[in-house]
Each structure stands twice: as C-alpha cells, then as structure tokens.
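The values are calculated or read from the model by the stated rules, or taken from the named source; none is laboratory data. Here the structure is a predicted model, which means the values were calculated and not measured. Only protein heavy atoms, including side chains, enter the accessible area calculation; ligands, DNA and RNA are left aside. Shrake-Rupley method; radii C 1.70, N 1.55, O 1.52, S 1.80 Å.
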Amino acid sequence: MTRVLILLGALILAVGLLWPYLSQLGLGRLPGDIVIERGNTTFYFPLMTCILISLVFSLVLWVANR
C-alpha cells in the first residue's frame, strides 16, 4: 500500500511540474466537452477529455498487468 501511495504522489508531482506543457496539448477543449454559458456563469464538463484519459489509463494498466 505504501508503494502505491508513493507512486501516486510522484505521479501527481510530475503532472504538476509538466502542467504548462500539458495544457498546450488541447486537452479540456475537445469536441464532445460540454460548455454551457449563461450570463456570468459558465458550466464546463470535460466529457470527452475524461473518456480519453480513462482509455489511456486503462491501456497503461492493461499493458502493466500483462
């Protein structure tokens, strides 16, 4: 369990450090992401981005378990 927590912390740290470069990839503004703007409020739900990230993580875990 401690190994998993250490790896999770390292992953979060790596994503935080690489965030300026990752934001240039266009994730978060894919076709299929839901954006509702009304007046001063904006509701944003990155549906397609979540599906894409889920597929990538599933592929990585599948390869790791083989």
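When residue 42 is tested against the conditions (1) part of a strand (DSSP E or B); (2) closer than 25 Å to residue 64 by Cα, the lone failure is (2). Considering only residues in segment 1-39 that are assigned to a loop (DSSP other than H, G, I, E, B) and open to solvent by 70 Å² or more (accessible area, probe 1.4 Å), the one that is modelled with the lowest pLDDT turns out to be 27.
A count restricted to segment 33-57 and to residues that are more than 21 Å from residue 11 (Cα to Cα), of a type in the set (A, V, I, L, M) and under 20 Å from the mean Cα position of the chain (by Cα) stands at 4.
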